[in-house]
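Below is one structure, written out as structure tokens, with a few remarks after it.
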Amino acid sequence: MTAAGAILPPRFASWRAFGVLGLLLAGFAVLAARSVWLQWVESDFLRRKGEARHARVLEVPATRGRILDRNGEVLAVSTPVQSVWAIPEDVKASAAQLKALAGLLSLAPAELERRLADAGRDFVYLKRQIPPEVAEQVAALGIPGIYQHREYRRYYPAGETAAHVVGFTGVDDKGQEGIELAYEALLAGVPGSRRVIRDRLGRIVEDIASIRAARDGRDLALALDAKIQSLAFAALKSAVETHRAKAGAIVVVDVRTGEVLALANLPAYNPNNRARLSGAQIRNRVVTDMFEPGSTLKPFTVALALSLGRVGAQTRIVTAPGSLTLGKYTIRDVHPAAAMSVADVIRKSSNVGAAKIALALPREEMHAFFARLGFGAPPELGFPGEAAGKLRPVASWQPVEQATMAYGHGIAVSLAQLARAYTVFARDGELVPLTLVRTGMPAAGRQVLSPEVARTVRAMLEAAVQPGGTAPRARVMGWRVAGKTGTSRKQENGGYATNRYIASFVGFAPVSEPRLVVAVMLDEPSAGQYYGGQVAAPVFAQVTEGALRLLGVPYDAPLVPIGLPGEGEEAKEST
């Protein structure tokens, strides 16, 4: 045979078969050895590598507790949203996909590229808290390395109306202001966590174990009444706009329980949209801003004098010639008179009369009484940043300071402190602690005046809102009201400004059985009127009438329409 057609010898053919079989067996042996090595020797190492690539510990968010008004109306609630994040080294996207993603997330393309440029990071947020419909569009792009997880965003149905009470949370759903901050521990809850396995597309393919169960936050019912809050905010806003005031504040207190039924400030803000938030908008002026209360302090000076037996309601005080000079300072009245009764000192708001009454009192007694009323100490409402006010040590008082303090100069208070102090006249001498949380229970007051003295001053305050007093605009059809106006010049350069005022009114109703204390303050009204009786008293009347109707409080006065005061029917308090 030729070489091309030769047949291999049998011995060579058998050795070739054994050689191939040997190679196959050797290969299987190597694979088996490698398998044993990986399964037994290197198992821990490989498990760690696998978990590093695909295992994740996910946070299970806790739902933040709701904030409710006293009737169960929702003031703050958490709604589920999605947050978009990425593992930069895993992102594989075309230029068109990245441009579309940037548009959906409202990011500049350059900013998106910057966040994805750091391949050394295995987690980076691209956008927090996006709406569900946007989240769906992001997922539809199908970009590897782009993931989403659920978070919660706070929503405030009442908007700016209750903003200064409720406050707001930050992007991490933690309280930043107001009740949200003050009751963070109660509302927040505790997030949980679980371990999962993801595939290369980021999908969860196995839920390994729950590490810690989430514990949701608790709901909180406030003392606030959403209807009265809305009424108070609207009335205050109208007054601020009408009188072109720099700011305004109002607080409504239930005399029986000490619950704050309404608390509003202007300027305000919408907690659902805080893109252009300023410090002036955030300030809760009711509890943080101090001001000289002016003539609203006169009833307390008179109350102390009555308690010490220095005067009676009809004791005549010589006020001629309508001024009083102490050293280089002169105290003046807007309505000079030769003499007037103690009751008329309140009704006509005489600075000279109040100063003379104060100078007849021991200064230690006066200081101690003001301290018992809560002046110089925070009102303990639970708000962050509550002002204590200013009550100077009695050792530093000079006669002129004691005299001016009688009509609210040389002392600084917050509107919350002032409203609380007026509960002594509405509660027959008891000072009532205030609360922002619903209790529904009568408050235990602290007796600082005798019931007889409190009722005597109450009658004087009722006279102050009648024609001839300083606040006839505070009257309410169907209910007897009582209260006191205040008009004080603002401090400026170590003295007092000539044309910048704070106008205030504090009162309560109904006089026969007081239910509400309402305090109003307007900062720098600049539309021509600036007296408390002109600017703040009408706000009191509007809010008090509406609140009493909403609460179903029985009438204690005839249902006779009340018109605006005519010439000579409205006195102006001295400043």
Inset, instruction - Would you mention how many residues in the range 141-164 are under 20 Å from residue 437 (Cβ atoms), of a type outside the set (Gly, Ala, Ser), open to solvent by less than 40 Å² (accessible area, probe 1.4 Å) and outside any helix (DSSP H, G or I)? - result: 2
Inset, instruction - Within the range 382-421, work out how many residues are under 23 Å from the mean Cα position of the chain (by Cα) and surrounded by 24 or more Cβ atoms within 10 Å (Cβ to Cβ). - result: 10
Inset, instruction - Select from the range 117-140 the residues that are over 23 Å from residue 78 (Cα atoms) and among the charged types (D, E, K, R) and write down the one among them that is least open to solvent (accessible area, probe 1.4 Å). - result: 118
Legend entry - Top-ranked residue in the range 119-161 [being in contact with an Asp or Glu (Cβ under 8 Å, 6 or more places away or on another chain) and hydrophobic (A, V, I, L, M, F, W, C); ranked as farthest from residue 62 (Cα to Cα)]: 119
Legend entry - Members of the range 282-296 that are of a type in the set (Val, Ile, Thr) and either within 20 Å of residue 411 (Cα to Cα) or buried (at least 24 other Cβ atoms within 10 Å of the Cβ) (or both): 286, 287, 288, 296
Legend entry - Selection count, the range 101-116, where residues are open to solvent by 40 Å² or more (accessible area, probe 1.4 Å), aliphatic (A, V, I, L, M) and under 18 Å from residue 147 (Cβ atoms): 1
Inset, instruction - Determine, yes or no, whether residue 384 is assigned by TED's automatic domain parsing to the domain that holds residue 295, in a loop (DSSP other than H, G, I, E, B) and in contact with a Leu (Cβ under 7 Å, 6 or more places away or on another chain). - result: yes
Legend entry - the range 83-105: number of residues that are in contact with a strand residue (DSSP E or B) (Cβ under 6 Å, 6 or more places away or on another chain) and in a loop (DSSP other than H, G, I, E, B): 1
Inset, instruction - Give just the number: which of (1) open to solvent by 10 Å² or more (accessible area, probe 1.4 Å); (2) part of a loop (DSSP other than H, G, I, E, B); (3) not acidic (Asp, Glu) does residue 463 not satisfy? - result: (2)
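For every residue, the table says whether it meets (1) open to solvent by less than 10 Å² (accessible area, probe 1.4 Å); (2) among the acidic types (Asp, Glu); (3) assigned to a helix (DSSP H, G or I); (4) in contact with a helix residue (DSSP H, G or I) (Cβ under 8 Å, 6 or more places away or on another chain).
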site	(1), (2), (3), (4)
265	yes, no, no, yes
272	no, no, no, yes
276	no, no, no, no
280	no, no, yes, no
298	yes, no, yes, yes
301	yes, no, yes, yes
309	no, no, no, no
Legend entry - In the range 362-373, the residues that are open to solvent by less than 10 Å² (accessible area, probe 1.4 Å) and in a loop (DSSP other than H, G, I, E, B): 373
Inset, instruction - Report, by residue number, each residue of the range 487-522 that is open to solvent by 10 Å² or more (accessible area, probe 1.4 Å) and closer than 16 Å to residue 261 by Cβ. - result: 514, 515
Inset, instruction - Name the single residue, out of those in the range 435-454 being modelled with pLDDT of 95 or more and among the hydrophobic types (A, V, I, L, M, F, W, C), that is surrounded by the fewest Cβ atoms within 10 Å (Cβ to Cβ). - result: 437
Legend entry - Enumeration of residues in the range 58-73 that are hydrophobic (A, V, I, L, M, F, W, C), at pLDDT 95 or above and touching a helix residue (DSSP H, G or I) at 6+ places or on another chain (Cβ under 8 Å): 67
Legend entry - Out of 453, 506, sole residue that is touching a Ser or Thr at 6+ places or on another chain (Cβ under 8 Å), farther than 25 Å from residue 226 by Cα, in the same structural domain as residue 309 (by TED's automatic domain parsing) and of a type in the set (Val, Ile, Thr): 453
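The values are calculated or read from the model by the stated rules, or taken from the named source; none is laboratory data. Predicted, not measured: the structure shown is a model, and the values here were computed from it. All Cβ positions, even for glycine, are placed from backbone atoms using ideal geometry, and neighbour counts span all protein chains on display. We work out accessible area using only protein heavy atoms, side chains counted, and drop any ligands, DNA or RNA first. Shrake-Rupley method; radii C 1.70, N 1.55, O 1.52, S 1.80 Å.
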